[in-house]
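Quick note: the coordinates plus some simple rules give every number you see, no bench work behind them. Remember, predicted model here, so these are calculated numbers, not experimental data. Because the Cβ atoms are built from the backbone with ideal geometry, glycine has one as well, and the counts that use them run over all protein chains shown.
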Amino acid sequence: DHDYGRPLNGDETTLARIVRADVLDFHKRSFTGANLVLIAAGDFDPKALGAELEKQFGTLPKGTAHVWKKDTPPARASQNRLLLVDKPDATQTYFQISQPGITRTDPNWPALWLLNTLFGGRFTSMLNDELRVNSGLTYGANSILMRERRTGRISITTYTRTDTTEKAIDLALDILKRLGEKGITADQLASAKAYLKGTFPPRSLETADQLAEVLEDLELYGLNRGEIDDLFSRLDAVTLEQANAAAKKYYQSQGLVFTLLGNAAKIREAAKKYAPSITEVSVTSPGYGIPAKP
């Protein structure tokens with residue numbers, strides 16, 4: 001029932017239930033002055049642009065601003081859960097291993113960003129080094145640090161040949177356990193700080209389009225420019241003790257949610273070792289993985 005438990009674009013079951021009145025009602029509630037956020041970045045005359053914007057959007061009804069739901073962090077599962085998505089013709093297994101993460105405005109995010117970079121956020125990460133470079137089990141292994149308005153997830157994501165599914169999952173879990181229990185070193189922390197400070201400007205601030213996206217992000221999440229102006233100092237302020245405390249809290253090796261997509265007949269037995277029970281669905285099932293509503 002979590003908001004992030006359903007695909008934003010819907011599926012065959014939800015799209016079929018939408019009628020014209022639903023679309024009109026959504027437009028009436030959402031496309032209003034109170035909900036309008038417009039960001040402009042580039043070479044323009046502010047006065048002329050203001051006049052044009054007033055001309056184009058000034059007649060919008062004021063409406064009522066959307067009220068966001070209060071975040072209720074999901075409790076960590078008491079035991080592992082596993083969703084097996086059967087694709088009989090698959091020659092590889094795609095898998096994710098997830099657990100609860102943080103919100104966009106969580107004060108722990110600088111430490112988590114640094115940890116995610118080391119864990120699976122760059123080519124020379126722990127996951128990619130072990131799963132790709134050292135073992136040859138995949139062409140790429142990454143980690144996701146989801147930062148949205150409500151609590152997101154931290155995930156390992158990769159793929160491997162069907163016959164090496166168990167080996168790849170075991171190795172990914174070993175790396176996760178190592179990070180959570182042993183943490184990182186001072187040299188690793190310094191490396192992550194240097195990497196992020198070197199890559200953030202060209203990836204986020206170099207073009208007008210990137211600047212507009214950053215400004216939009218600040219506006220939507222109620223943040224100020226200190227989020228960007230103080231970014232490097234906030235990264236530098238993360239101590240080794242803080243980073244390792246965050247690793248212990250957020251990179252746990254229990255209460256995990258596994259999603260495996262592959263040839264179920266060939267990986268079902270191996271999958272049983274990771275959770276006490278398995279939910280199995282076909283990749284062709286509408287809305288697979290989403291509990292049916294009565």
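Separation of segment 225-294 and segment 1-62 by C-alpha centroid, Å? With segment 225-294 and segment 1-62 each reduced to a Cα centre, they are spaced 31 Å.
Let's test the formula: R0 of 30 Å, r as the Cβ-Cβ distance of S233 and R149. What FRET efficiency results, to the nearest 0.05? Given R0 = 30 Å and the Cβ-Cβ separation, E is 0.75. Each label point was placed 7 Å from the Cα along the Cα-to-Cβ direction; for V281 and F26 their separation is 2.0 nm. In a DSSP loop and with at most 14 other Cβ atoms within 10 Å, the trypsin sites (Lys or Arg not before Pro) in segment 7-85 are R17, K62, K69, K70, R76. Across L115, L60, L261, mean-square fluctuation computed from a Gaussian network of the chain (C-alpha pairs under 10 Å connected) peaks at L60. Given the alternatives [x] 18.3, 67; [y] 22.3, 67; [z] 23.2, 79, Rg and Dmax of the Cα atoms in Å as computed for this entry is given by [y]. Our coupling estimate for segment 268-273, obtained by passing each phi through the Karplus curve with A = 6.51, B = -1.76, C = 1.60 and θ = phi - 60°, is 4, 5, 5, 5, 4, 6 Hz, Gly and Pro reported as x. Here the 3J(HN,Hα) profile of segment 17-34, calculated from phi with Karplus coefficients 6.51, -1.76 and 1.60 at θ = phi - 60°, is 8, 7, 10, 4, 4, 5, 5, 5, 5, 4, 4, 5, 7, 9, 8, 9, x, 5 Hz, Gly and Pro shown as x.
Among T91, T199, T151, whose mean-square fluctuation peaks in a Gaussian network model of the chain (Cα, cutoff 10 Å)? Among T91, T199, T151, the largest GNM mean-square fluctuation belongs to T199.
Between the residues Q210, T117, T158, the greatest Cα displacement towards the positive end of the dipole of the chain, with unit charges on the Cβ of Lys, Arg, Asp and Glu, is found for T158. A simple spin-label model places the labels of E241 and K266 5.1 nm from each other, with each point 7 Å out along Cα-to-Cβ. Taking amide H as placed 1.01 Å from N in the peptide plane, the amide H of R81 sits under 5 Å from that of L256, V257, F258, each at least 5 places away or on another chain. Full extension of the chain between T207 and N35 yields a length gain of 59.3 nm, computed as 0.36 nm times the residue separation minus the alpha carbon distance. Only DSSP H runs of four or more residues enter the estimate; each adds -39500 (n - 2.57), and after division by the residues of the chain the mean residue ellipticity at 222 nm equals -12000 deg cm²/dmol.
Using Cα-Cα distances under 8 Å and only pairs 6 or more residues apart, what relative contact order does the chain have, in percent?
Averaging sequence separation for qualifying contacts and normalising by length gives 32 percent for the chain.
Let's test the formula: R0 of 45 Å, r as the Cβ-Cβ distance of Q254 and L53. What FRET efficiency results, to the nearest 0.05? For R0 = 45 Å, the calculated efficiency reads 0.30. Rounded to the nearest 5, the antiparallel percentage of DSSP beta bridges internal to segment 81-282 is 60%. About its Cα centre, the dipole of segment 1-91 is roughly 400 debye, where the only charges are +1 on Lys and Arg Cβ and -1 on Asp and Glu Cβ. Restricting segment 179-240 to trypsin sites (Lys or Arg not before Pro) that sit in a DSSP loop and have at most 15 other Cβ atoms within 10 Å of their own Cβ leaves R225.
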